[in-house]
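The values are calculated or read from the model by the stated rules, or taken from the named source; none is laboratory data. Treat the numbers as computed from the prediction; the structure is a model and nothing was measured. Neighbour counts are summed over all protein chains in view; Cβ atoms, including those assigned to glycine, are modelled from backbone coordinates with ideal geometry.
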Amino acid sequence: MRIYLKPIKFFVFIIVFSGSFLMANGVEAATYYVRADGTAIDKSVAIGPVTDANATMNVATFNVQSFSDGDVIVFSSRGGSFDNVAVIIPSGSSTFDNPIVYEGEPGYEPTFDGQNTVDVIIKIASKNNLELRDMIVTRPVTSGFEIGGTSDGIVVRNATSTYSGNQAFQNLDTASTTYYNLYSTGNADDAFSMHGTTTAYIDGAVFEHSDQVIN
């Protein structure tokens, strides 16, 4: 198990974003939208505008889709909180220089509330070169964010995970993940947990009011 921390005084960090590309292997990348009240039957209908629930999909529909290099999937709170749902990142791997991005809509960042009934709220298993950013999760049974399997090249930015029944963030197995700007509080066990031969790079974190900080 390896963990690399890059501290700056008072846990204040500079965040640098990288934009998504428009083309992937000659196919134009697309943007899709997810709302708690979305009614689109699949991703082909969930192309917005995000203000229209009929042009967005819900999490159950999202979980069975597949996405391609350079695609951006925007989660929005315009349809309310995402309650009692697990987000299982569905797509396979993308390329290092053209990742699939899952992000919260600026100004309408999503909150995923497990309400102490959802085991893991956001889960990535054996995927490569994906990016998650601007997500808020709270009250999972076990983990807010879980990256596991053989996942490599995963980036998590601007993520908040609070009031977990166990740990807020968890890296498992042989997963290699880079984290930027994390916040966590109120967890029954760890703010950040690692198991297996996993590797985590953390550049910016505030962890407080948990049984342990890193385990």
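Any residue that is within 23 Å of GLY149 (Cβ to Cβ), out of contact with any Pro (no Cβ under 7 Å at 6 or more places or on another chain) and assigned to a helix (DSSP H, G or I) - is there at least one of those in region 41-57?
no
Taking region 201-215, which residues are surrounded by fewer than 20 Cβ atoms within 10 Å (Cβ to Cβ) and not hydrophobic (A, V, I, L, M, F, W, C)?
If the condition is that a residue be surrounded by fewer than 20 Cβ atoms within 10 Å (Cβ to Cβ) and not hydrophobic (A, V, I, L, M, F, W, C), then TYR201, ASP203, GLU208, HIS209, ASP211, GLN212, ASN215 are the ones that fit.
For region 112-129, which positions are closer than 16 Å to VAL59 by Cα and part of a strand (DSSP E or B)?
Answer for region 112-129, where residues must be closer than 16 Å to VAL59 by Cα and part of a strand (DSSP E or B): PHE112, ASP113, VAL120, ILE121, ILE122, LYS123, ILE124.
Do the conditions hold for SER143, that is, is it surrounded by 21 or more Cβ atoms within 10 Å (Cβ to Cβ), under 14 Å from LYS123 (Cα atoms), among the hydroxyl-bearing types (Ser, Thr, Tyr) and free of Cβ contacts under 8 Å to residues at least 60 places away in the same chain?
It is true that SER143 is surrounded by 21 or more Cβ atoms within 10 Å (Cβ to Cβ), under 14 Å from LYS123 (Cα atoms), among the hydroxyl-bearing types (Ser, Thr, Tyr) and free of Cβ contacts under 8 Å to residues at least 60 places away in the same chain.
Out of THR198, THR138, report the one residue that is of a type in the set (Val, Ile, Thr), surrounded by 19 or more Cβ atoms within 10 Å (Cβ to Cβ) and modelled with pLDDT under 95.
Only one candidate passes the filter, namely THR198.
Which residues, counting only those in region 114-127, are on the phi < 0 side of the Ramachandran plot and either surrounded by fewer than 22 Cβ atoms within 10 Å (Cβ to Cβ) or in contact with a Pro (Cβ under 7 Å, 6 or more places away or on another chain) (or both)?
GLY114, THR117, VAL118, ASP119, VAL120, ILE121, LYS123, ALA125
Under the condition of being over 13 Å from the mean Cα position of the chain (by Cα) and aromatic (Phe, Trp, Tyr), which residue from region 61-98 is surrounded by the fewest Cβ atoms within 10 Å (Cβ to Cβ)?
PHE96
Condition test on SER151, is it closer than 16 Å to ILE88 by Cα and hydroxyl-bearing (Ser, Thr, Tyr)?
Spelling it out, SER151 is indeed closer than 16 Å to ILE88 by Cα and hydroxyl-bearing (Ser, Thr, Tyr).
Any idea which of (1) touching a Ser or Thr at 6+ places or on another chain (Cβ under 8 Å); (2) assigned to a strand (DSSP E or B) is the one TYR180 doesn't satisfy?
Unmet condition: (1).
Checking the conditions here, which among VAL101, VAL45 is under 15 Å from the mean Cα position of the chain (by Cα), at pLDDT 95 or above and either among the small types (Gly, Ala, Ser) or surrounded by 15 or more Cβ atoms within 10 Å (Cβ to Cβ) (or both)?
Answer to the check: VAL101.
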